[in-house]
1. If I take every Cα pair under 8 Å that is 6 or more residues apart in the chain, average their sequence separation and divide by the length, what percent do I get for the relative contact order?
2. Would you please put 35-42, 59-66 in order of how densely packed they are, using the mean number of other Cβ atoms within 10 angstrom per residue and starting with the highest?
3. Measure out, as a whole number of angstrom, how far apart the alpha-carbon centroids of segment 71-117 and segment 138-170 sit.
4. Where does the chain land at 222 nm, in deg cm²/dmol rounded to the nearest 500, when only DSSP H runs of n ≥ 4 count, each adding -39500 (n - 2.57), divided by all residues?
5. Can you list the lysines whose alpha carbon sits under 24 Å from that of Lys94, skipping same-chain ones fewer than 8 residues off?
6. Is there a quick way to get the dipole size of the chain? I mean about its Cα centre, with the Cβ of Lys and Arg at +1 and of Asp and Glu at -1; what is the value in debye to the nearest 20?
7. Indicate, rounded to the nearest 5 percent, the antiparallel portion of the DSSP beta bridges found entirely in segment 2-210.
8. If you keep only loop residues by DSSP, which GluC sites (Glu not before Pro) in segment 109-164 have at most 13 other Cβ atoms within 10 Å of their Cβ?
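Where a number appears in this text, it was derived from the coordinates with a stated rule and is not lab data. Note that the coordinates shown come from a computational prediction; the quantities given were computed from them, not determined experimentally. Here the Cβ positions follow ideal geometry from the backbone for every residue, glycine too, while neighbour counts run over all protein chains shown.
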Amino acid sequence: MLIRRLTVGFLGTNCYLVACEKTLEAIVIDPGFRTDETEKVLGEITGRGLHLRYVVDTHGHADHMSGNSALKQATGAGILIHEDDAPLLADPSKNLSKMMGLAVVSPPPDRLLPEGGLVKVGSFELEVMHTPGHTAGSISLYCTSDSIVFTGDTLFAGSIGRTDLPSSSFKGIMRSLSRLMGLPARTVVYPGHGEKTTIGKEKRENPFVLG
């Protein structure tokens, strides 16, 4: 599996290009890039000869989906998101872009991702874990075979996502955090912002887990 992290957008979002090196099928997770970064992201895809199959939003905030339209238009990739966050895609007030003086909108989702659903890309599968708290429809994507999980803004290295925003819930994110801590300690965590970590490290050091 190829994983390429691109730090993009207004808030330093981790946009992940994830590809099967056998079939060259790929997905982009959280394309929160600005318009002037579009070619940077597309260049990573075309330069590696990849076929972009899906765009997956771990949640519906603008800094994680502002590039949906550009990728859809350039590649025809399907947009995937949990049903509880689907209404955020077309509403600048709900996706918080209006708060930043912008008006980010996305095409509607091509597929809604349920708890336990699978995102299949080439020879690997990512299991959808509904991990609400930062938003009602936040998800994490877990790959058992490679022991990795993409956590969006649910879990960061040493911290967690904000819970003072519309549809946020501190109790909800703590339940989601407990669920993520149930993954094997060796699992590598790729968060929506900041550096990667492991479940084991977060069990030992994350104050929200220790508390």
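1. 15
2. 59-66, 35-42
3. Each part's Cα centre sits 17 Å from the other's.
4. Rounded to the nearest 500, the figure is -5500 deg cm²/dmol.
5. Lys72, Lys171
6. The calculated dipole for the chain is roughly 380 debye.
7. Counting DSSP beta bridges with both partners in segment 2-210, the antiparallel share is about 65 percent.
8. Those satisfying the criteria are Glu115.
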